[in-house]
Amino acid sequence: MIFLRCSASLLKQLGGETAPDAPPTSRLGDWDARLVATRPKHLVLCTNERTLLCVVVPFAPAKELRARFAVAAEPLIRLIPASQEILAEEIAALSDIQLGRAVNRSVRSSMTHFGYAVEAWFAHGGPLDLEDLGLWLCDTPCFPLKTDWPWLEAELVVTGSVVPGRRPLKHHDHVI
């Protein structure tokens, strides 16, 4: 089980109901989510609390947000260089997603900056491919992290170490 910890405005639009807090059952842990108002449609930016990996999904229909998040997060998790057993455990945790309130101010601050990056992506003609957008955000250096990069932090959190000399993913299909 993991929590999708929503901003107050997103939680209100989702109906406001939250599950009682419980520890996550995955190594990656909980994810925070916030609404990003873009054109042509509103998006939800989901950011992992421990690694700052990002997934972007459409907001509508709101009732299916958890399912859309799980579908979008799975291929991202599969890119983490870890054993198939560990990745299977992480993906299995996506089958039980509860809603909660966002409480980690450091993650919320990072998400504000990611939100600006999402706006810049579309302002500079970025494609509406949300998977590409999420991968691009995962290549953003984040100095609150030990490794400075979400991809490397994910490897550290999931496996306990980073292979020496490993570089971030460097998703270059779209550079602003």
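Rule-based calculations on the coordinates, nothing more; no lab input. Not measured: the values here are computed from a predicted model. All Cβ positions, glycine included, derive from the backbone under ideal geometry; neighbour counts span all protein chains shown.
Enumerate the calculated ³J(HN,Hα) couplings along the stretch 120-126 in order (Karplus 6.51 cos²θ - 1.76 cosθ + 1.60, θ = phi - 60°), each rounded to whole Hz, writing x wherever the residue is Gly or Pro.
5, 3, 6, 5, 9, x, x
How many nm separate the modelled label positions at A62 and K146, each set 7 Å beyond the Cα in the direction of the Cβ?
Using points 7 Å along Cα→Cβ, the separation is 3.9 nm.
For T38, enumerate residues with amide H under 5 Å from its amide H, sequence gap 5+ or separate chain, H modeled in the peptide plane.
Excluding prolines and chain starts, which carry no amide H, the hits are L43.
For a test of the definition: using alpha carbon positions, the gyration tensor, and the 1.5 limit on a/c, classify the stretch 1-149 as rounded, prolate or oblate.
Rounded, since a/c falls under 1.5.
Each residue of the stretch 36-51 in turn: what ³J(HN,Hα) in whole Hz from Karplus with 6.51, -1.76, 1.60 and θ = phi - 60°, glycine and Pro shown as x?
10, 7, 10, 10, x, 9, 6, 10, 10, 8, 10, 10, 5, 5, 8, 10
Starting from 0.36 nm per residue, how many nanometres of slack lie between D96 and K41 once their C-alpha separation is accounted for? Numbers along the way, then the final one.
Values: separation 55, 0.36 × 55 = 19.80 nm, distance 2.67 nm.
Here the segment from D96 to K41 would lengthen by 17.1 nm.
Among DSSP beta bridges whose residues both lie in the chain, state the antiparallel percentage, nearest 5.
Around 60 percent of the beta bridges assigned by DSSP in the chain are antiparallel ones.
Determine the calculated [θ] at 222 nm for the chain from helices alone, applying -39500 (n - 2.57) to every DSSP H run no shorter than 4 residues and normalising by the residue count; nearest 500 deg cm²/dmol. Don't jump to the answer; show the numbers that get you there.
Details: 6 runs with 68 residues, N = 176.
One gets -12000 deg cm²/dmol as the mean residue ellipticity at 222 nm.
Please rank T147, T112, fewest neighbouring Cβ atoms within 10 Å first, as an exposure proxy.
T112, T147
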